[in-house]
Structure formats: C-alpha cells, structure tokens
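Here the structure is laid out as structure tokens; the discussion comes afterwards.
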Amino acid sequence: MAKNGLKVKNEEPALRLIPKSLEYLDKTDEERIEYIKKERFIVYPSAKKILDKLEELLIEPKKTRMPCLLIVGDSNNGKTSIVKKFYKSHMPTDGIETDAVPVIIVQAPPRPDVAMFYDAILDEILIPFRKSDSLSRKESEITYYFQKLGTKMLIVDEIHNILSGSVARQKEFMNALKNLNNRLLMPIVLVGIKEALNATNTDFQISSRFKPMYLKRWNFNGEYRGLLKSIEKILPLKKESGLPDDNKLAEYILESSEGLLGEIIELLNLSAIIAIGGGKEKITMEDLKKTGYVMPSLRRSINDLEAV
Ligand SMILES: Nc1ncnc2c1ncn2[C@@H]1O[C@H](COP(=O)(O)OP(=O)(O)OP(=O)(O)O)[C@@H](O)[C@H]1O
Ligand SMILES: [Mg+2]
C-alpha cells in the first residue's frame, strides 16, 4: 500500500516491536491498554546528550569551582523524566546493602525560601530535624549527611518556582545554592522552564557557573521520525501504523502536540487505545481525530475562559 508516495513495509510484528511489546500482542485488550499507559523512558538524542553530560559531571574530580548545569525547556517536554532516569540509574541496586545515595533530587520550594529548601533536602534523605533549627545548623547537617551518604550530585527541579519572590530573595536563594556548591564540592543541577534563566542571571558569578542546556520542542526532522519509530515499537498493536513514513500523520501529531514530548506520547497512547478498542489495530488519522485532542495552547486559553 502506498501512502504519500511512500511504501508502508508492513513488517512482521517480531521485526517492528520490542520483545516486551511483542509478548503483549497475545494478551487481552485490557492488558494491552494497561501496558500502553505505563510510564517508560525512550532514549532520544537530546535526552542522551543531557544524560551523558550528567554522567560527566558525576565523575568530575572535586575542585574549588565545581561546574554546574541548568536544564531548561518548555513544560511537559521531558526534563524531569531525564533527571529521574539518571537518578534511577545511580540508585543502589536492590538487594545490595548500602546506604549510598550518589544522586539526590529535590523540588525547589514554592518561593525563594532557603529554610524551606534545606528542609526539602533533609526530608529527602530522611534526616529528622526541627523546622526551627537555624540555617547554619541545617547546612551543617546537609554537609555531614551528604558526605556520609557519598552524595555526588544535587539536582533541584522546578527552579523557576523561586521567581515568585522578590529579586532580593531570589538572589539570596541563588547565593545559598552557590555556597552549597562551594561547601559540598559537588555539581548542582537546576531544572526548569526557560524563565529559570532569569533566576540564574541574578549575578555573573552564578550565571557563569550554571551552564544552560536546552531541551527544545520537537521539529519535523529525522529525530522526530526516529521518536515516532521508537514509540511505534512500543505500542502493542497487531498492525503497522507506519507513523514515521506517513507525512500526513506525522505532521498532524506534531501540530496537535505543539512539539511537546508529553503531548506526543499522550496523543499516541490515546489513539492506540482507540485502535485496540475499534479493532483496527493501527493508528489512523481517524483515530487521532477521535481522541478529541485539544492543542495545549488552546487548552490553556479554554481554561482561562472558564476561570473568568
Ligand atoms: N524519554 C521519555 N520517554 C517516554 N515518555 C516521556 C519521556 N520524557 C517525557 N515523557 C512523557 O512526557 C511527560 C512529561 O514529561 P516531564 O514531566 O519529564 O516534563 P517536564 O519537562 O519536566 O515538564 P514540567 O516543566 O511541566 O515539569 C511524562 O509524564 C511522560 O509521560
Ligand atoms: Mg518537570
């Protein structure tokens, strides 16, 4: 069959699906749908670049000016998933008795409040403390336990939260991060939407320390086709949809998702579920439209209207 002048190969399931998804072809529709909904991590080139950079930072020898990183990108485009993947790959393996915690991830507090930030770190490493303890005491506790746990990297997600405070408080917060970086001699990785750059731009010493890496929205190119291919390899459908080679479908998916990874995944998962329910067993334009998917920017404006 020819689609947009391109041949759909209709490869055997064994050739077009990953082994785990192949196993699911023989399971019930409900089991296949459950499987589709599971969270998973697809490695794509930009994610691989960031993961490699994180690995590089993790083995950086201790020195007075430890390099740091700022991962920026639009919301719902895979930033947290990357750092979580990195965190998981450095978790002590089950069954091995060790207290080591090489990587720690915390969320930035909802406002630039250093005490709340220290509390979040101590909570994460399960160290009891009193909220009323002084900042310097909390700082000493963090330093002591990070050394004890062999912690080599601190990741702070949602760093743009700190923009909700005054510039003076933002500066104070960024200074606390800088001091922690100096004191612990370990890289600090900040993660947030691009406005987070305003937080690191509070002074030159900080902006020069936090080198940004951008996680861009998806464009219509080979990488995007590669992503569609990876997703199709996971979806346990009995027939090939041929998403990467079908320009109409691929463009429709990109437009509807506005190039955001979380949206692409959700739209394709929903369509695959419809394709299973309807018995077609492959994603078609009709299924994509049937999802009733609304573009994220349009969704936001609808919500705004409702809020009025
Ligand atoms: N590598 C990946 N493989 C498969 N699915 C992914 C991947 N990365 C992200 N996703 C999907 O996209 C969704 C959004 O990703 P994530 O939460 O990492 O975005 P984010 O950039 O941190 O967004 P926010 O700025 O709103 O926190 C995830 O829930 C997951 O379903
Ligand atoms: Mg996130």
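Determine whether Asp119 is crowded, with 18+ Cβ neighbours inside 10 Å, in the same structural domain as Asn201 (by TED's automatic domain parsing), within 16 Å of ligand 1 (Cβ to nearest atom) and charged (D, E, K, R). When the stated conditions are applied, Asp119 does not pass them. For segment 147-175, residues that are hydrophobic (A, V, I, L, M, F, W, C), open to solvent by 40 Å² or more (accessible area, probe 1.4 Å) and within 16 Å of ligand 1 (Cβ to nearest atom) total 1. None of Ile206, Ile253 is under 21 Å from Arg16 (Cα atoms) and surrounded by 15 or more Cβ atoms within 10 Å (Cβ to Cβ) except Ile253. Counting the residues of segment 16-75 that are open to solvent by 90 Å² or more (accessible area, probe 1.4 Å), outside the structural domain of Ile155 (by TED's automatic domain parsing) and more than 16 Å from ligand 1 (Cβ to nearest atom) gives 4. Quick one: is Ser89 small (Gly, Ala, Ser) and within 16 Å of ligand 2 (Cβ to nearest atom)? No. With the condition kept exactly as written, say whether any residue in segment 130-137 is open to solvent by less than 60 Å² (accessible area, probe 1.4 Å) and either within 16 Å of ligand 2 (Cβ to nearest atom) or among the basic types (Lys, Arg) (or both). No, because not a single residue in segment 130-137 is open to solvent by less than 60 Å² (accessible area, probe 1.4 Å) and either within 16 Å of ligand 2 (Cβ to nearest atom) or among the basic types (Lys, Arg) (or both). Inspect segment 185-197 for any residue being more than 15 Å from Pro112 (Cα to Cα), open to solvent by 60 Å² or more (accessible area, probe 1.4 Å) and within 16 Å of ligand 1 (Cβ to nearest atom) and give the result as yes or no. Yes - at least one qualifying residue is present in segment 185-197.
The values are calculated or read from the model by the stated rules, or taken from the named source; none is laboratory data. All figures in this text were calculated on a predicted structure; none of them were measured in a lab. As a convention, Cβ positions derive from the backbone with ideal geometry for all residues, glycine included, and neighbour counts pool all protein chains shown. Areas reflect the complete protein model, heavy atoms only, side chains present, ligands, DNA and RNA absent. Shrake-Rupley method; radii C 1.70, N 1.55, O 1.52, S 1.80 Å.
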